[in-house]
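Chemist: This is the structure, below, for whatever I ask next.
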Amino acid sequence: MAAKKDPRREIWGYVPAVVSPFNAAGDLMIDRFAEVVRWHLDRGADGICVAGDNGEAWSLDARDRKQLAETAVGVAGRTAHITMGVSATTAGQTIKNAAIAAEAGVDSLMITPQSYVMKASPGEIVGRYRAINKAVGLPILLYNSPRRTGGVNIDIDTLGALCDALPVVGIKESSRDFFHQSHVIRQFARRISVLIGPGHYVFPGLALGAAGFLATGAEFLGDSVGRIRPLAAAKPCAEARDLHHALTTVYQTLMSLGTWPAALKAGLNMIGVPAGVPREPVAPLSPRDSRKLQGVLEGLGLLGGATKRRARR
């Protein structure tokens, strides 16, 4: 087996975006969060993404962020790369979030282009990242998800400019445009870690040379999650096709039910991971949608065996 890369300097492999468990009153259950992080690490995660979309970053205040970052770093030690989502519409608020993450000891900052404004020039995008990096000089994991930023996209030229100007360690590429993803992998895979976002692109993205995946759905594949990267790099086989189908089906189902991340949290609770419920304004998954999700997971054989074990306390 190849020697493991330095988790403090590089981000690669399987990097789950972890949930932030809340109770029905909307309180952060930090002990449960530690349990969730430990569960992922016990199943072979190479890194942990805190306060991403799955972590309901939009609902977190400064105290929440401090607790989450410190807990993730404390649980992981130096065994896995910890990246934290710090994005806000303005660079100023993003810097405040980034400072909290840096003080807690995370390894990199996951940052999107400016959101909400619906449009940004390449100069404005690069200027935003420059300002953040000048204030908080941690390595940057770019996060490209135009549907989360009102259509603002990190195109190939802008990505090159960002890599030239800043300590970019990787990009979570979630554009859902596989033409674009293919060009990103081809032109940047030897320079930074390209992490695939959407679940249905994980296998083809890895096969093309992506360094890993920061994608939802793999949480439900049990011990098979560790087989994804070697299978994607090898000649297609029945096992690879079956895992691709399972990952794609789970991802598609999660995305189609309720308001994100209600379905992810409901599914994690079904397999014994203490994900809690979403925080307002997101409602828990309805009983009807819960039954649909349970039926899909049962149909794929993902509610038994290793996936059902509770994380160690």
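Chemist: Checking ILE11 against (1) in a helix (DSSP H, G or I); (2) of a type in the set (Val, Ile, Thr); (3) under 27 Å from LEU166 (Cβ atoms); (4) touching a residue at least 60 places away in the same chain (Cβ under 8 Å), only one condition comes out false. Which one?
Modeler: Exception for ILE11: condition (1).
Chemist: Just name the residue that is modelled with the highest pLDDT out of those in the range 77-100 that are more than 16 Å from the chain's Cα centre (by Cα) and closer than 18 Å to GLU10 by Cβ. Working first, answer last.
Modeler: Step one: of the range 77-100, the residues more than 16 Å from the chain's Cα centre (by Cα) are 77-79, 88-100.
Still in the running and closer than 18 Å to GLU10 by Cβ: 77-79.
Details: GLY77: 88, ARG78: 84, THR79: 91.
Across the range 77-100, the extreme among qualifying residues is THR79.
Chemist: Still on this structure, please answer the following. When you go through (1) surrounded by fewer than 17 Cβ atoms within 10 Å (Cβ to Cβ); (2) under 21 Å from THR158 (Cβ atoms); (3) within 16 Å of the chain's Cα centre (by Cα) one by one for TRP58, which number turns out not to apply?
Modeler: Only one criterion in (1) surrounded by fewer than 17 Cβ atoms within 10 Å (Cβ to Cβ); (2) under 21 Å from THR158 (Cβ atoms); (3) within 16 Å of the chain's Cα centre (by Cα) is unmet by TRP58, namely (2).
Chemist: Quick check on this structure: which one of VAL73, VAL50 is crowded, with 17+ Cβ neighbours inside 10 Å, in contact with a strand residue (DSSP E or B) (Cβ under 7 Å, 6 or more places away or on another chain), within 15 Å of ILE111 (Cβ to Cβ) and not charged (D, E, K, R)?
Modeler: Values: VAL73 fails: within 15 Å of ILE111 (Cβ to Cβ).
Exactly one residue qualifies, and that residue is VAL50.
Chemist: Among the residues of the range 24-47, how many are touching a residue at least 40 places away in the same chain (Cβ under 8 Å), among the small types (Gly, Ala, Ser) and surrounded by 15 or more Cβ atoms within 10 Å (Cβ to Cβ)? Steps first, answer last, please.
Modeler: Taking the range 24-47 first, the residues touching a residue at least 40 places away in the same chain (Cβ under 8 Å) are 24, 26, 28-30, 32, 34-36, 38-40, 42-44, 46-47.
Then drop every residue that is not among the small types (Gly, Ala, Ser), which leaves 24, 26, 34, 44, 47.
Okay, now just the ones that are also surrounded by 15 or more Cβ atoms within 10 Å (Cβ to Cβ), so 34, 47.
The qualifying residues number 2.
Chemist: Which members of the range 277-310 meet the condition of being aliphatic (A, V, I, L, M) and either assigned to a loop (DSSP other than H, G, I, E, B) or at pLDDT below 95 (or both)? Write out each step before concluding.
Modeler: Kept after step one, since they are aliphatic (A, V, I, L, M), are these residues of the range 277-310: 277, 282-283, 285, 293, 296-297, 300, 302-303, 306.
Correct list: VAL282, ALA283, LEU285, LEU300, LEU302, LEU303, ALA306.
Chemist: Out of the residues in the range 23-47 meeting the condition of being assigned to a loop (DSSP other than H, G, I, E, B) and among the small types (Gly, Ala, Ser), tell me which one is nearest to ASP107 (Cα to Cα). Spell out the reasoning first.
Modeler: Step one: list which residues in the range 23-47 are assigned to a loop (DSSP other than H, G, I, E, B), which gives 23-27, 29, 43-46.
Retained after the next criterion (residues that are among the small types (Gly, Ala, Ser)): 24-26, 44-45.
Working: ALA24: 32, ALA25: 32, GLY26: 28, GLY44: 18, ALA45: 15 Å.
Among them, the one singled out is ALA45.
Chemist: Filter the range 42-54 down to the residues that are more than 19 Å from MET270 (Cβ to Cβ) and under 14 Å from the mean Cα position of the chain (by Cα) and list them by number.
Modeler: Initial filter on the range 42-54 (more than 19 Å from MET270 (Cβ to Cβ)): 44-53.
Answer for the range 42-54, where residues must be more than 19 Å from MET270 (Cβ to Cβ) and under 14 Å from the mean Cα position of the chain (by Cα): ALA45, ASP46, GLY47, ILE48, CYS49, VAL50, ALA51, GLY52, ASP53.
The values are calculated or read from the model by the stated rules, or taken from the named source; none is laboratory data. What you see is a predicted model; the values in this text were computed from it and never measured. Quick reminder, even Gly has a Cβ in these numbers, built from the backbone with ideal geometry, and neighbours come from all protein chains shown.
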